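Scroll down for the structure; my scribbles are underneath it.
The values are calculated or read from the model by the stated rules, or taken from the named source; none is laboratory data. Just so it is clear, the structure is predicted and the values come from calculations on it, not from any experiment. Cβ: placed from backbone, ideal geometry, glycine included. Neighbour counts: every protein chain shown. Accessible surface is based on the protein model in full, side chains and every heavy atom, while ligands, DNA and RNA are left aside. Shrake-Rupley method; radii C 1.70, N 1.55, O 1.52, S 1.80 Å.
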Amino acid sequence: MRLLPVAVFAATGFQGAASAETCAAFKWPVAADLTLMAAPEAVTVASGGAIASVPSKAIQLQLEPSPGIKFPAASGIKKQAIPQNNFSGWFKIDAIAKPGLYQITIPDHSWIDVVQNDELVQSTAFSGDPECKTLRKSVQFELGSGPVIVQIGGSAEKSMKLTVREADKK
C-alpha cells in the first residue's frame, strides 16, 4: 500500500506538507512543529548568537563541544550529567513580543533551559514520544515580554534543528 503525503494545516497558521508521522504520544499537538521541522528553510544561529524575535520557521542551532560551553545562566542539569563527547549551545531571542505559553520542541533527548530576567524559567509541562523519529521532546514555558535565552545541553549532534513557538490554545 502506498502512502500519500499528508498536508498539515495547524490552527496556529502554519501550513505545509509533512510526513505521515503524527507523533501521537505527545500530551499536546505537535503538527505545527512537524511541519516546521520538515521545511527546508530554517533560521541559522551560532551558539551565543541572537535572533530578533520568535521566527515562523525552525531554528538551526550550531552547537559546540559541551565541556567548553559557558551558558549565560547555570543550567538546570548538572554538568556531570552531560557526556563529555556531546554538544551544547545557546542563543538569545531579543524580544518575546506577546507574553504567554511557548513551547520548545527538539529532535533528541537534550536538556532545555530558558532564561528570562537573568533567572531560569521553570517549565510548566513537558512531553515526549520515544517512537517519534522527527521530534523527541517538547517543553512548555510561561514567558513574559522581553528577551529570553534558550540553552540546549547534551546533544549527540553538532547542530540541532528545533522549534520555538506559541503553544496551541487548549
### Query
Restricted to the range 148-170, and to residues that are farther than 16 Å from VAL45 by Cα and open to solvent by 40 Å² or more (accessible area, probe 1.4 Å), which residue is nearest to the chain's Cα centre (by Cα)?
GLU166
### Message
If a residue must be farther than 15 Å from ILE104 by Cα, among the hydroxyl-bearing types (Ser, Thr, Tyr), open to solvent by less than 40 Å² (accessible area, probe 1.4 Å) and at pLDDT 95 or above, how many such residues does the range 18-68 contain?
### Response
1
#### Entry: Failed criterion for ASP108 (all others in (1) out of contact with any helix residue (DSSP H, G or I) (no Cβ under 7 Å at 6 or more places or on another chain); (2) exposed (fewer than 13 other Cβ atoms within 10 Å of the Cβ); (3) of a type outside the set (Ser, Thr, Tyr) hold)
(2)
### Query
Is there any pair linking a residue in the range 133-146 that is farther than 20 Å from LYS169 by Cα and open to solvent by 10 Å² or more (accessible area, probe 1.4 Å) to one that is modelled with pLDDT of 95 or more and of a type in the set (A, V, I, L, M, F, W, C), with Cβ under 6 Å and at least six apart or on different chains, and which?
THR134/LEU34; THR134/MET37
### Message
Given the criterion part of a strand (DSSP E or B) and open to solvent by 70 Å² or more (accessible area, probe 1.4 Å), identify the matching residue among LYS98, LYS92.
### Response
LYS92
